Amino acid sequence: MSSKTGKVYLVGAGPGNVDLLTLKALRLLQTCDIVLYDQLVSEDILHLIPRHVTLENVGKQRSFHPVPQVQINQRLIDLALQGNNVLRLKGGDPFIFGRGGEEIDSLKEQGIPFEVVPGVTAANGVAAFAGIPLTHRDYAQSCLFVTAHLKEGSFDLDWSALVRPRQTVVIYMGLHGLDRLATELLQAGMAPDMPVALIEQGTREAQRVVITVLDKLYQESIDHALKSPTLIIIGSVVELQNKLSWFN
Ligand code: SAH
């Protein structure tokens, strides 16, 4: 440690498979002083961190926040001011449903130097390992990433935008409230037989892929006892999974 202010690296760890880590992330993991990581970061990735680097779990689980966001922001500032090079490690990409913007905003306010290292977001990594192309000339010309995290018991989503034709919808954090989500999509006009993939622990050894249709979505998630992290992919591209799956 030195009296000179350290730097904060906001780093995406990808969806869990170590091979999807960027070279820059790996290099920083091996040279930083301390790593503050989230619940979503896989054990395999944590194992790459040398023993001399301090590890701090600031993991958040739905409705169970061991370390509130403001406290994480403050911790990053304090550690950097003490002269540490701090690696803030997040699942997937820090700028996609990762609150990365909020964390660097408070660093900026305090004049702490930082860098952002992108990661493979769940949509990219998980779709690839499940054998589902998110776009395809014959099926979907656009792709939407959506978070279906319930806020005070309700969704804040533009349902009409979600049911547009020739589009793939990728839903993050959608497991809790899945029954409501399916009902809203049906009411907005999405076909009950629209193909849906539920992918648990995507890109990891324990990956499970459940293929179903919209009106059976909720029941299937219960039958298979799916747990977080699970990504939901909705759209006709899901039909291709049968032919294109390659992992496992
Ligand atoms: N910043 C992250 C997303 C954080 S939100 C990213 O870019 O990927 C957390 C949600 O991401 C989970 O609820 C789940 O829907 C999805 N997710 C992340 N990793 C996943 C994985 N390995 N398998 C399936 N879903 C995953």
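The values are calculated or read from the model by the stated rules, or taken from the named source; none is laboratory data. Small disclaimer: the values here were computed from a predicted structure and weren't measured. All Cβ positions, even for glycine, are placed from backbone atoms using ideal geometry, and neighbour counts span all protein chains on display.
At-a-glance table
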item: Filter result (within 16 Å of the ligand (Cβ to nearest atom), touching a Gly at 6+ places or on another chain (Cβ under 8 Å) and either at pLDDT below 95 or not polar (S, T, N, Q) (or both)) within region 172-201; result: Leu181
item: Test for Thr135: is it within 16 Å of the ligand (Cβ to nearest atom) and either surrounded by fewer than 21 Cβ atoms within 10 Å (Cβ to Cβ) or more than 18 Å from Ala13 (Cα to Cα) (or both); result: no
item: Which numbered condition Ile34 fails, given (1) more than 20 Å from Thr121 (Cβ to Cβ); (2) surrounded by 13 or more Cβ atoms within 10 Å (Cβ to Cβ); (3) under 19 Å from the mean Cα position of the chain (by Cα); result: (3)
item: So Ile96, is it more than 12 Å from the chain's Cα centre (by Cα), under 19 Å from Gly59 (Cα atoms) and within 16 Å of the ligand (Cβ to nearest atom); result: no
item: Residue in region 66-78 that is touching a residue at least 60 places away in the same chain (Cβ under 8 Å) and crowded, with 21+ Cβ neighbours inside 10 Å present; result: yes
item: Which numbered condition Leu150 fails, given (1) out of contact with any His (no Cβ under 8 Å at 6 or more places or on another chain); (2) at pLDDT below 95; result: (1)
item: Looking only at region 12-26, and only at residues there that are near the ligand (Cβ under 10 Å from one of its atoms) and over 18 Å from Ile199 (Cα atoms), the one that is surrounded by the fewest Cβ atoms within 10 Å (Cβ to Cβ); result: Gly12
item: Selection from region 161-183 of residues that are within 13 Å of Cys143 (Cα to Cα) and part of a loop (DSSP other than H, G, I, E, B); result: Val163, Arg164, Pro165, Arg166
item: Within region 78-92, tally of residues that are more than 16 Å from the ligand (Cβ to nearest atom) and part of a strand (DSSP E or B); result: 1
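Matching residues to (1) modelled with pLDDT of 95 or more; (2) within 20 Å of Val209 (Cβ to Cβ):
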position	(1), (2)
Gln69	no, no
Arg75	yes, no
Asp93	yes, no
Ile96	yes, no
Glu103	no, no
Gln110	yes, no
Val116	yes, no
Val120	yes, yes
Ile132	yes, yes
